[in-house]
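The structure appears right after this line, and notes come after that.
The values are calculated or read from the model by the stated rules, or taken from the named source; none is laboratory data. From a predicted model like this one, the values you see are computed outputs, not experimental measurements. Cβ atoms come from the backbone with ideal geometry, glycine included; neighbour counts cover every protein chain shown.
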Amino acid sequence: MSAHDHDREEGLAFQPKFDASGLVTCVATDVANGDVLMVAHMNDEALRKTIETGDAWYFSRSRNALWRKGESSGQTQRVIEMRMDCDQDAIWIRVEQTGAACHTGRRSCFYRAVTHGNGDTGLSFVDADRLFDPEKVYRK
């Protein structure tokens, strides 16, 4: 392990390691119960804005744009705690979620369980009730 890697893994300096696209992965969990709400990405600007404002900011790869969680839906995330993983290439935020985290209107993006039986693998809905209608919230 190089001195730089040792410092990044054992030291207290904030040294995010962005991937080739300039992103780090971010996992958001519910501070109240620990449920995983969503996984998204942050670029340097999103990470800085999240730290400065206390609101979750992300970078959308599909839209190639910075966005504040809830800016169009009202389903906001207030960051209570932010943690960095061992090699500083992934972030975990514990949030107070207002409403639904998922753009489908569900509380969490993880609303389907993987099932396997009779040689088939599929999905089944779990905790899949919608908290809002995305057709009404995300009008173009």
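Let's see how each residue does on (1) modelled with pLDDT under 95; (2) under 22 Å from residue 99 (Cβ atoms); (3) basic (Lys, Arg):
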residue: 2; (1), (2), (3): yes, no, no
residue: 30; (1), (2), (3): no, yes, no
residue: 37; (1), (2), (3): no, yes, no
residue: 51; (1), (2), (3): no, no, no
residue: 54; (1), (2), (3): no, yes, no
residue: 74; (1), (2), (3): yes, yes, no
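Listed by first and then second residue, the pairs linking a residue in segment 24-47 that is farther than 17 Å from residue 127 by Cα and in contact (Cβ under 8 Å) with a residue 12 or more places away in the chain to a residue that is surrounded by fewer than 20 Cβ atoms within 10 Å (Cβ to Cβ) and among the acidic types (Asp, Glu), with Cβ atoms under 7 Å apart and 6 or more places separating them unless they lie on different chains, are 24/89; 31/96. The strands (runs of 3 or more DSSP E) located wholly in segment 48-140 that include 2 or more residues which are crowded, with 17+ Cβ neighbours inside 10 Å and of a type in the set (Phe, Trp, Tyr) occupy 57-60.
When segment 1-48 is examined, which residues are found to be among the small types (Gly, Ala, Ser) and more than 12 Å from the chain's Cα centre (by Cα)?
The answer is 2, 3, 11, 13, 20, 21, 22, 32, 34.
Might you check whether a residue that is among the charged types (D, E, K, R), at pLDDT 95 or above and under 19 Å from residue 21 (Cα atoms) occurs anywhere in segment 117-138? No: segment 117-138 contains no residue that is among the charged types (D, E, K, R), at pLDDT 95 or above and under 19 Å from residue 21 (Cα atoms). Applying the criterion of being closer than 19 Å to residue 86 by Cβ and of a type in the set (S, T, N, Q) to the residues of segment 15-47, the residue that is surrounded by the fewest Cβ atoms within 10 Å (Cβ to Cβ) is 15.
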